[in-house]
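Each remark here refers to the structure printed beneath this line.
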Amino acid sequence: MLPEISRRPFLQFALGAATLPFASAARAETFPARPITMIVPFAAGGPTDVLARIIAEYMRASLGHPVVIENITGASGTVAGLRAARAAADGYTITIGHWGTHCLNGAIYQLQYDVREFAPVALIASGPQLIIGRPDLPAQNLKELVGWLKANGGKATSGTAGPGSGAHVAGVFFQQLTDTNFSFVPYRGAGPALNDLMASHIDIMFDQASNSLPQVKSGTVKAFAVTASSRLASAPEIPTVDEAGVPGLYIAYWHGIWAPKGTPDEIVSTLSKAVMAALAEPAVVKRFAQLGQEIPPPDKQSPAALRSHQAAEVEKWWPIVKSANIKAE
Ligand code: MLT
């Protein structure tokens with residue numbers, strides 16, 4: 001028989017272990033009991049921020065608590081990535097991310113976390129980029145843009161959302177396909193980069209359609225092509241890259257939501273249902289369509305679907321990015 005003093009920790013351990021499943025069930029039943037933070041890895045007002053705020057607003061109805069946006073910028077989303085990876089796995093901190101943050105960054109940066117090791121919550125939407133230029137750029141179409149870039153060899157500038165970001169990677173592929181040379185100017189997100197393009201401080205951008213479509217429509221930037229094999233329903237006047245003269249430069253920028261690794265399945269499921277309910281709202285469907293965003297069918301929004309989509313994208317893009325020798329600096 002153990003003396004009283006030494007039996008107590010053993011009893012506590014045994015009781016603790018026996019109550020664990022009940023504790024987890026109780027936690028899931030009461031989740032969420034307070035507001036949830038959604039980390040946005042780029043500047044406010046940019047494409048990821050815009051999608052995050054739309055989804056967050058509608059998640060509130062299912063969750064009964066607000067989803068508060070926190071913009072953590074820097075290094076193409078990797079500052080936010082580390083913060084999200086190290087957050088408590090309790091469902092109260094989640095992150096939105098995309099092709100850049102949860103695929104490309106893993107091939108380009110030496111990270112202290114693994115982009116594949118978050119708990120997937122939902123695949124939200126996908127949309128192409130637009131190749132756009134400052135309003136006073138002399139080129140009127142993509143072929144003229146290529147000519148102008150060649151004539152201005154090395155002096156032209158392209159704004160990006162950070163070194164190694166999707167805008168940078170797409171720009172490098174464009175350079176390779178067109179034999180052009182220009183330099184990249186990194187920003188803390190596509191929002192501030194677009195502001196500088198409108199003010200003619202930089203020349204061009206490979207920008208998510210959701211960011212620049214409103215400016216294209218209002219004529220404050222020029223659109224030369226959409227990086228897809230078909231035109232956007234919301235902007236049928238913009239030719240595809242195939243039509244405009246740089247065939248095959250296809251970039252599909254997909255967004256998803258993740259929780260930290262180890263977040264209990266019941267909590268992930270509650271969050272996932274809230275995102276899917278938001279995506280089914282007619283107002284969200286309409287707004288996303290206006291932004292050139294295609295929402296996947298419900299069976300392709302699930303955590304499992306996001307996991308396999310991300311894995312397929314990693315398998316496809318990591319070898320391409322590594323062989324293109326794209327560096328973060
Ligand atoms: C942003 O919100 O700034 C963008 O998602 C960045 C990007 O294009 O990767």
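The values are calculated or read from the model by the stated rules, or taken from the named source; none is laboratory data. Just so we're clear, the structure is a prediction, and the values are computed from it rather than from any experiment. Glycine also receives a Cβ, built like all others from the backbone with ideal geometry; neighbour counts cover every protein chain displayed. Remember, those area values only see protein heavy atoms, side chains included, never the ligands or the DNA or RNA. Shrake-Rupley method; radii C 1.70, N 1.55, O 1.52, S 1.80 Å.
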Consider only pairs whose beta carbons are under 8 Å apart and that are at least six residues apart or on different chains; among these, list those whose first residue lies in region 104-126 and is farther than 28 Å from Val284 by Cα and whose second residue is of a type in the set (D, E, K, R). Gly106/Asp114; Gly106/Arg116; Ala107/Lys322; Ile108/Lys327; Tyr113/Arg86; Glu117/Lys261
Single residue of Ser210, Ser183 found to be surrounded by fewer than 19 Cβ atoms within 10 Å (Cβ to Cβ) and touching a residue at least 24 places away in the same chain (Cβ under 8 Å): Ser183
Qualifying residues in region 149-172 (those that are out of contact with any strand residue (DSSP E or B) (no Cβ under 9 Å at 6 or more places or on another chain) and modelled with pLDDT of 95 or more) - the one farthest from Pro247 (Cα to Cα): Ala151
Considering region 239-261 alone, what residues qualify as being among the aliphatic types (A, V, I, L, M) and open to solvent by 40 Å² or more (accessible area, probe 1.4 Å)? Ala252
For residues in region 41-70 being assigned to a helix (DSSP H, G or I) and in contact with a Phe, Trp or Tyr (Cβ under 9 Å, 6 or more places away or on another chain), which is farthest from the ligand (Cβ to nearest atom)? Leu63
For Gly189, work out the one condition from (1) in contact with a helix residue (DSSP H, G or I) (Cβ under 7 Å, 6 or more places away or on another chain); (2) within 19 Å of Thr48 (Cα to Cα) it doesn't fulfil. (1)
Among residues of region 170-191, those that are touching an Asp or Glu at 6+ places or on another chain (Cβ under 8 Å) and more than 16 Å from the ligand (Cβ to nearest atom), counted: 1
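Condition first: over 17 Å from the mean Cα position of the chain (by Cα) and touching a residue at least 40 places away in the same chain (Cβ under 8 Å). Now tell me which residues in region 251-271 satisfy that.
Here is the first cut: in region 251-271, the ones over 17 Å from the mean Cα position of the chain (by Cα) are 261-271.
Residues satisfying the conditions are Lys261, Gly262, Thr263, Pro264, Glu266, Ile267, Val268, Thr270, Leu271.
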Scan region 112-138 residue by residue and report those that are open to solvent by 10 Å² or more (accessible area, probe 1.4 Å) and either within 16 Å of the ligand (Cβ to nearest atom) or among the charged types (D, E, K, R) (or both). Asp114, Arg116, Glu117, Leu123, Ser126, Pro128, Arg134, Asp136
